[in-house]
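**Student:** Provided herewith is a single structure, encoded as structure tokens, for subsequent inquiry.
No lab work stands behind these numbers, since they all come straight from the coordinates. Keep in mind the model is a prediction, meaning the values are calculated, not measured. In this analysis, Cβ positions are derived from the backbone assuming ideal geometry, glycine residues included, and neighbour counts consider all displayed protein chains.
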Amino acid sequence: MANEVVLLDFWPSMFGIRVRIALAEKGVKYEYKEEDLKNKSPLLLQMNPVHKKIPVLIHNGRPFCESPIIVQYIDEVWKDKAPLLPSDPYQRAQARFWVDFIDKKMYDSLRKTWTTKGEEQEAAKKEFFEVLKTLEGQLGDKPFFGGDNFGYVDLSLIPFYCWFYTYETCGKFNVEAECPKFIAWVKRCLQRETVAKALPDGKKVFEFVSAMRTNLGLE
Amino acid sequence: MAEEVKLLKTWSSPFGLRAFWILKLKGVQFDFIDEDLSNKSPLLLQSNPVYKKVPVLIHNGKPISESLVILEYVDETWKQNPLLPEDPYERARARFWAKFGEDKVLVSIWNAFIKQGKEQEEAIGLAIETLKFLEEELKGKRFFGGEKIGLADLALGWLANLIGVFEEVIGVKLIEKERFPLLSAWMQEFAEAPVIKESWPPHEKLVTKFRAIREPYVAAAAQPK
């Protein structure tokens, strides 16, 4: 049966980037459809009626929502190439735990670094560095969170990097100075073609965010 | 090597109950410890240094935290009575509804429980809108997992028991049979399923506990602004 794969996405979305990396790692050909989040397409509303959010993967007409669920689906269907999750159940549980941690902790604290000012922003920066330190601890001396190989945790975390220029500029901090190990890991990930191609340019993200901040009255 | 399975939970935690259910449903031999969260054991702190929360499953000395992660680990490790289907599409659906339960249902019900006055009215409205998705999903199915209990049922199972407790404390019915016939039927069938039915914490004790949790919110709302 022909494999028809469509991805509904939004170019700076770190959650969408996860799916793009996963599909690239597996060598899956797909149609990319850019959504205007202020004017969501009928297809998006039909395929994700519960959340009305991107990314949505549509495989042979069937929708898949929520990036960790989509990535695990991709790993299970295209299982003959580039395994994303480890094969050992305990290692898989650890991988799921850390992606859940990233989703609970990174997004909200980071969002506050560019949507708030003053004390609230300082608290967000502090929380963000605590999160990075925890992740650095988990990485240890391994090249990737997956061990020797780039995997599920790495691809779930690296998309946030294209937002770092924005966070650092708005929040007036420097990640490499505080967390050099983390940035070393980032650089290793960026050496992968699938990652380098999937991540938009950080300055482009900053331009997009600047426009939003102006609208929010923060500039 | 002898299998050693230990579950750290509390007497009342619905998250701990999920892990308890799956181990029982699979017939796994395990020990459990009901933690006192005001005085966490060194074992808990050492096994879950990131969150210091229950439940934690310790299998042959190796800890796993986060109840939904524990459910998938147990399902993959003990293959009898599988919780997740084989088909990747169905697996994704089960995970979707389990996550929906965590991100939306739990949050909206909790808000309906703790908020007061006009905010509570809005929270109840939002909770009902959220629950409608569950009602829709149950069409033509006995359980979220289909004919038998699956991952989403265990993830959402707390509804079958705690909703009654919350409704008693706040004096408002959240899941009315007329509005939610399928969800109500599911709650009853799940609550009375083998293994599940023997596991519920005592109702009165839960009511007392959650009433006490709600107190500070009621008091804060009663303060003159």
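**Student:** Output the peptides A:57-67, A:202-212, A:31-41 sorted from most to least packed, where packing is the average of other Cβ atoms within 10 Å over each peptide's residues. Please list the in-between numbers first.
**Tutor:** Details: A:57-67: 20.0, A:202-212: 15.4, A:31-41: 11.7.
Averaged packing, sorted descending, gives the order A:57-67, A:202-212, A:31-41.
**Student:** Using the basic label-point model (7 angstrom from Cα toward the beta carbon), what is the A:Thr169 to B:Tyr217 distance in nanometres?
**Tutor:** So the two model labels end up 4.1 nm from each other.
**Student:** Next up: Counting alpha carbon pairs within less than 8 Å and at least 6 residues apart, what relative contact order, in whole percent, applies to chain A?
**Tutor:** Details: 254 pairs, mean separation 44.4, N = 219.
Relative contact order, chain A: 20 percent.
**Student:** Where does the stretch B:1-64 land on Rg(C-alpha)/(2.2 N^0.38 Å)?
**Tutor:** Values: Rg = 11.3 Å, N = 64, 2.2 N^0.38 = 10.7 Å.
In units of the globular-protein estimate, the stretch B:1-64 measures up at 1.06.
**Student:** Same structure, new question: Please report the relative contact order for chain B, taking Cα pairs under 8 Å with a sequence separation of at least 6, and give it as a percent rounded to a whole number.
**Tutor:** 18
**Student:** Which is the longest run of chain B containing none of the GluC sites (Glu not before Pro) found in DSSP loop states (not H, G, I, E, B) with at most 15 other C-beta atoms within 10 Å?
**Tutor:** B:5-85
**Student:** So for the stretch B:32-125, averaging the separation of alpha carbon pairs under 8 Å that are six or more residues apart and normalising by length, what relative contact order in percent results? Let's see the in-between values first.
**Tutor:** On the way: 52 pairs, mean separation 10.7, N = 94.
Reported as a whole number, the value is 11 percent.
**Student:** Give me the net charge for the shell around B:Phe143: Cβ to Cβ below 9 angstrom, other residues only, Lys and Arg +1, Asp and Glu -1.
**Tutor:** Details: positive: B:Lys141, B:Arg142, B:Lys148; negative: B:Glu147, B:Asp153, B:Glu189.
That sum, taken over residues with Cβ under 9 Å, equals 0.
**Student:** Just to be sure I understand: with springs between alpha-carbon atoms less than 10 Å apart, which residue in B:Val56, B:Val207, B:Val105 has the highest mean-square fluctuation in the Gaussian network model of chain B?
**Tutor:** Among B:Val56, B:Val207, B:Val105, the largest mean-square fluctuation in the Gaussian network model of chain B belongs to B:Val207.
**Student:** Based on Cβ point charges of +1 for Lys and Arg and -1 for Asp and Glu, what charge dipole magnitude is obtained for the stretch B:1-125 about its Cα centre, in debye rounded to the nearest 20?
**Tutor:** Roughly 100 debye, rounded to the nearest 20.
**Student:** State, in angstrom, two size descriptors of the protein assembly as shown derived from its alpha carbons: Rg to one decimal place and Dmax to the nearest whole number.
**Tutor:** Cα-based Rg and Dmax for the protein assembly as shown come out at 22.5, 67 Å.
**Student:** Given labels modelled 7 Å from the Cα in the Cβ direction, how far is it in nm from B:Ser199 to A:Lys133?
**Tutor:** So the two model labels end up 3.8 nm from each other.
**Student:** Dipole of the stretch B:1-66, Cα-centred, from +1 at each Lys and Arg C-beta and -1 at each Asp and Glu C-beta, to the nearest 20 debye?
**Tutor:** Details: 9 positive and 7 negative charges, 39 e Å.
About 180 debye.
**Student:** Follow-up. I'd like the projected area of the stretch A:1-42, averaged over all directions, using the convex hull of its alpha carbons. Report it in nm² with one decimal.
**Tutor:** Taking a quarter of the hull surface, the average projection is 3.6 nm².
**Student:** Toward the positive end of the charge dipole of the stretch A:1-139, about the Cα centre and with charges on Cβ (Lys, Arg +1; Asp, Glu -1), which of A:Ser109, A:Asn39, A:Cys65 goes farthest?
**Tutor:** About the Cα centre, the residue reaching furthest to the positive side is A:Asn39.
**Student:** Describe numerically, in nm with one decimal, the distance between label points set 7 Å from Cα along Cα→Cβ at B:Asn39 and at A:Asp108.
**Tutor:** 3.1
**Student:** Around A:Lys52, what is the net charge, scoring Lys/Arg as +1 and Asp/Glu as -1 over all other residues with Cβ under 12 Å from its Cβ?
**Tutor:** +1
**Student:** I want to make sure I understand the PRE zone here: with the label point 7 angstrom from the Cα of B:Lys62 toward its beta carbon, which residues in the stretch A:88-104 have backbone N atoms less than 15 Å away?
**Tutor:** Label zone hits: A:88-98.
**Student:** I would also like to ask the following. Compute the FRET efficiency between A:Asn149 and A:His51 as 1/(1 + (r/R0)^6), taking r as their Cβ-Cβ distance and R0 = 30 Å, and round to the nearest 0.05.
**Tutor:** Plugging the Cβ-Cβ distance into 1/(1 + (r/R0)^6) gives 0.45.
**Student:** How fast does the stretch A:1-157 diffuse by Stokes-Einstein, in µm²/s, taking the Kirkwood radius from C-alpha pairs at 25 °C and 0.890 mPa s?
**Tutor:** Values: Rh = 17.0 Å.
The estimated diffusion coefficient comes to 145 µm²/s.
**Student:** Quick check for the stretch A:18-109: number of Lys pairs with alpha-carbon distance under 16 Å, counting only pairs 8 or more apart or on different chains?
**Tutor:** 10
**Student:** Given Cβ point charges of +1 (Lys, Arg) and -1 (Asp, Glu) and nothing else, what value in debye, to the nearest 20, does the dipole of chain B about its Cα centre take?
**Tutor:** Dipole of chain B, to the nearest 20 debye: 340 debye.
**Student:** Could you tell me the calculated FRET efficiency between B:Trp110 and B:Glu178, based on Cβ-Cβ distance and R0 = 22 angstrom, to the nearest 0.05?
**Tutor:** After rounding, the FRET efficiency stands at 0.35.
**Student:** Still on this structure, please answer the following. Straight-line reach from A:Lys117: which aspartates and glutamates fall under 12 Å, measuring Cα to Cα and dropping same-chain residues less than 8 apart?
**Tutor:** Counting by Cα, and skipping residues close in sequence, A:Lys117 has these aspartates and glutamates nearby: A:Glu219.
**Student:** Local charge sum around A:Phe173 (other residues, Cβ-Cβ under 12 Å, Lys/Arg +1, Asp/Glu -1)?
**Tutor:** Result for the neighbourhood of A:Phe173: -1.
**Student:** If you count, for every residue in B:93-106, the Cβ atoms of partner chains within 10 Å of its Cβ, what is the mean?
**Tutor:** 3
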